[in-house]
1. Test each condition in (1) over 28 Å from Leu48 (Cα atoms); (2) at pLDDT below 75; (3) open to solvent by less than 100 Å² (accessible area, probe 1.4 Å) for Thr178 and report the one that comes out false.
2. Identify all residues within segment 54-72 that are within 15 Å of Lys127 (Cβ to Cβ) and either touching a Gly at 6+ places or on another chain (Cβ under 7 Å) or hydrophobic (A, V, I, L, M, F, W, C) (or both); write none if there are none.
3. Would a scan of segment 72-93 turn up a residue that is open to solvent by 60 Å² or more (accessible area, probe 1.4 Å), in a helix (DSSP H, G or I) and at pLDDT below 85?
4. Would you pick out the residues in segment 124-155 that are under 20 Å from the mean Cα position of the chain (by Cα) and buried (at least 16 other Cβ atoms within 10 Å of the Cβ)?
5. Could you list, in sequence order, all residues of segment 38-96 that are among the aromatic types (Phe, Trp, Tyr) and under 18 Å from the mean Cα position of the chain (by Cα)?
6. Criterion first (modelled with pLDDT of 95 or more, loosely packed, with under 11 Cβ neighbours inside 10 Å and either among the hydrophobic types (A, V, I, L, M, F, W, C) or out of contact with any Lys or Arg (no Cβ under 8 Å at 6 or more places or on another chain) (or both)) does Ile56 satisfy it?
7. Residues that are modelled with pLDDT under 75, assigned to a loop (DSSP other than H, G, I, E, B) and open to solvent by 80 Å² or more (accessible area, probe 1.4 Å): does segment 13-23 have at least one?
Amino acid sequence: MSEGDSAGESIHGKPSVIGSFFTRLGQIYQSWLDKSTPFSIVRWAVTLLLTAIYMIRVYILQGWYIVTYALGIYHLNLFIAFLSPKVDPSMLDDADEGPALPTKQNEEFRPFIRRLPEFKFWHSVTKGIVIAMICTFFEAFNVPVFWPILVMYFIMLFCITMKRQIKHMVKYRYLPFTHGKRTYREDT
């Protein structure tokens, strides 16, 4: 590697214009992500709007079914990671090796910790939709396929995957959804 090859530096050790531009762009992007963190409903509404725009675009153009299928598989994998616990109970040999879910009434409550947190799930889903939308602008990604077969295959894959995930949830007694911390009213 020569003297000016390090990321963001020119030959004289000063940051290059291009490196500074992309660094600043990354900082602005991260700032917007940080500001959007508490607004989960708005974030998901924007993602649903992007999904609707993407679906309308694919419907009008009558193509890019492979891209849509790949996007569906990607979203399915993200959803499974979102539903899965961070520490898989089936991989634990001993109960003392990590956080365990309570199985009796008198055990301490431990919240469900996801393998893929909600914010990262949303961020990955949204990035996937944006990338798929960009792919629809390039004819090279418009591979001709018989789309009903892709739909049927995706439905079968979804059902088999969800059946396996639900069996795992039942076997290890965890529910990936909580409605916040329980509060108790004081009757006076």
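1. Just one mismatch for Thr178, condition (1).
2. Within segment 54-72, Val67, Ala70, Leu71 meet the criteria.
3. Yes - at least one qualifying residue is present in segment 72-93.
4. Taking segment 124-155 and keeping what is under 20 Å from the mean Cα position of the chain (by Cα), we get 124-135, 154-155.
Within segment 124-155, Ser124, Val125, Thr126, Gly128, Ile129, Ala132, Met133, Cys135 qualify.
5. As a first pass, look at segment 38-96 and keep what is among the aromatic types (Phe, Trp, Tyr): 39, 44, 54, 59, 64-65, 69, 74, 79, 82.
Result: Phe39, Trp44, Tyr54, Tyr69, Tyr74, Phe79, Phe82.
6. Details: modelled with pLDDT of 95 or more: yes; loosely packed, with under 11 Cβ neighbours inside 10 Å: yes; either among the hydrophobic types (A, V, I, L, M, F, W, C) or out of contact with any Lys or Arg (no Cβ under 8 Å at 6 or more places or on another chain) (or both): yes.
Yes: the conditions hold for Ile56.
7. Taking every residue of segment 13-23 in turn, at least one turns out to be modelled with pLDDT under 75, assigned to a loop (DSSP other than H, G, I, E, B) and open to solvent by 80 Å² or more (accessible area, probe 1.4 Å).
The values are calculated or read from the model by the stated rules, or taken from the named source; none is laboratory data. Everything quoted here is computed from the prediction, not taken from an experiment. Here the Cβ is made from the backbone with ideal geometry for all residues, glycine too, and neighbour counts use every protein chain on show. Ligands, DNA and RNA are excluded from the accessible area calculation, which covers all protein heavy atoms including side chains. Shrake-Rupley method; radii C 1.70, N 1.55, O 1.52, S 1.80 Å.
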